[in-house]
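Undergrad: First the structure, which I've put down as structure tokens, then a few questions once you've had a look.
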């Protein structure tokens, strides 16, 4: 039994090592970047769900929020959806404080969003703008690009505040 | 009389593919060969044997008159003129006249479209139709392009997208390119179907030498490699 256990271990170890060596010659060559770069860079980006930490891109005072509920969508929130979030990190004197439960609109998502003409858009990060229950933004400025999917979701005020429409 | 009818019956289904004719003719020939039948049946079997082989035009020295008279029909029915060659001359002239009447009434054969080619042909037609409205330049990975897009929601003016092509996926009419750019501090990648009627203009501004077909590594590199004024 010890012999079979040892053989199973060695088999598992060999398959693991085989997997590692198959996946990335980059695993051993890239040293200054993250080592798991070339394998994990093809990750499948999915929805924004509970426990997702997002960046806040307005001047409401919060810096990072964690999603506690995706208000629309069974699997999670996508670009343009509203979520309920808890503020994890905030500027010292801002309109919202750490620990507050707020609503937010997703303005940038790493998951590609398809448009009706066959194009797709995706961003490099996940970002939100804090809003109140009616959907009006709390802050007065929005940083970074926003997609024009927000117009269809009736978040016109955010679009007017935005500096750049992707 | 009866022999002529039989030979006409053999010639009229010339339109069907030679393999089918071969089969029927070979089975008739086999049935005839077993019995002791007059010269006409053996001439049938002799005539039908070149159908089994490749239908190439064979000119014989003994039937020169038949070859010359059959030359105008050679492009439509090479196998018919093959048959005409081997027939003894007396019968050959009678059969040739009836055969030529039968052939000239039939229209020239159209090239058949195979089932597997249909989608390719449809894609080519759709691309040709889109090219009439707007020509699409040859886009390759590493090109720095500027795209003017009309968005139905944003009807007022054309949106301009600039960036580097990081991949091109070929799928006929839905051939897409993925364009990457750093906008206002954040990287944005947009997939454009290049033959879309919404795209009003695609222009290649510059080209960067790359050694990959898909530049997915740009996501992990410094933002300045994806920044374009």
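The values are calculated or read from the model by the stated rules, or taken from the named source; none is laboratory data. Note that the structure is a prediction, hence the values are computed from the model and not measured. Don't worry about glycine lacking a Cβ; one is built from the backbone with ideal geometry, like all the others, and counts go over all protein chains shown.
Undergrad: Which of the residues spanning the stretch B:172-216 are in contact with a strand residue (DSSP E or B) (Cβ under 9 Å, 6 or more places away or on another chain), more than 7 Å from chain A (Cβ to nearest Cβ) and closer than 19 Å to residue B:134 by Cα?
TA: Residues satisfying the conditions are B:173, B:175, B:176, B:177, B:194, B:199, B:200, B:201, B:202, B:203, B:204, B:205.
Undergrad: While we're looking at this one, here's another question. Test residue B:165 against the stated conditions and say whether it is within 35 Å of the chain's Cα centre (by Cα), surrounded by 20 or more Cβ atoms within 10 Å (Cβ to Cβ) and more than 13 Å from chain A (Cβ to nearest Cβ).
TA: yes
Undergrad: Does the stretch B:119-160 hold any residues that are closer than 12 Å to residue B:199 by Cβ, away from chain A (no Cβ under 14 Å) and over 35 Å from the mean Cα position of the chain (by Cα), and which are they?
TA: Listed by number, the list holds a single entry, B:146.
Undergrad: Report every pair of residues separated by at least 6 positions or lying on different chains whose Cβ atoms are under 6 Å apart, first residue within the stretch B:165-176 and within 10 Å of residue B:193 (Cβ to Cβ), second part of a loop (DSSP other than H, G, I, E, B).
TA: Qualifying pairs under 6 Å: B:173/B:195; B:175/B:194.
Undergrad: A further question on this structure: Restricting the stretch A:152-166 to residues that are assigned to a loop (DSSP other than H, G, I, E, B) and free of Cβ contacts under 8 Å to residues at least 60 places away in the same chain, which is farthest from the other protein chains (Cβ to nearest Cβ)?
TA: Step by step, filter the stretch A:152-166, then rank; the result is A:154.
Undergrad: How many of the residues making up the stretch A:116-151 are surrounded by fewer than 20 Cβ atoms within 10 Å (Cβ to Cβ), more than 17 Å from residue B:181 (Cβ to Cβ) and either within 12 Å of chain B (Cβ to nearest Cβ) or without any contact (Cβ under 8 Å) to a residue 24 or more places away in the chain (or both)?
TA: The number of residues fulfilling the criteria is 6.
Undergrad: Please pick out the residue among B:177, B:160, B:144 that is loosely packed, with under 13 Cβ neighbours inside 10 Å and not in a loop (DSSP other than H, G, I, E, B).
TA: B:160 is the lone residue from the list that is loosely packed, with under 13 Cβ neighbours inside 10 Å and not in a loop (DSSP other than H, G, I, E, B).
Undergrad: Residue A:74 is checked against (1) more than 14 Å from chain B (Cβ to nearest Cβ); (2) surrounded by 15 or more Cβ atoms within 10 Å (Cβ to Cβ); (3) without any contact (Cβ under 8 Å) to a residue 60 or more places away in the chain; (4) part of a loop (DSSP other than H, G, I, E, B) and fails just one. What number does that condition carry?
TA: That leaves (2) as the condition not met.
Undergrad: Can you find even one residue in the stretch A:58-65 that is within 11 Å of chain B (Cβ to nearest Cβ), assigned to a strand (DSSP E or B), closer than 28 Å to residue B:161 by Cβ and over 15 Å from the mean Cα position of the chain (by Cα)?
TA: Checking the stretch A:58-65: not a single residue is within 11 Å of chain B (Cβ to nearest Cβ), assigned to a strand (DSSP E or B), closer than 28 Å to residue B:161 by Cβ and over 15 Å from the mean Cα position of the chain (by Cα).
Undergrad: Please determine whether any residue of the stretch A:90-105 is under 30 Å from residue B:193 (Cα atoms) and within 14 Å of chain B (Cβ to nearest Cβ).
TA: no
Undergrad: Do we find a residue being closer than 24 Å to residue B:183 by Cβ, at pLDDT below 95 and in contact with a helix residue (DSSP H, G or I) (Cβ under 6 Å, 6 or more places away or on another chain) anywhere in the stretch A:65-86?
TA: Checking the stretch A:65-86: at least one residue is closer than 24 Å to residue B:183 by Cβ, at pLDDT below 95 and in contact with a helix residue (DSSP H, G or I) (Cβ under 6 Å, 6 or more places away or on another chain).
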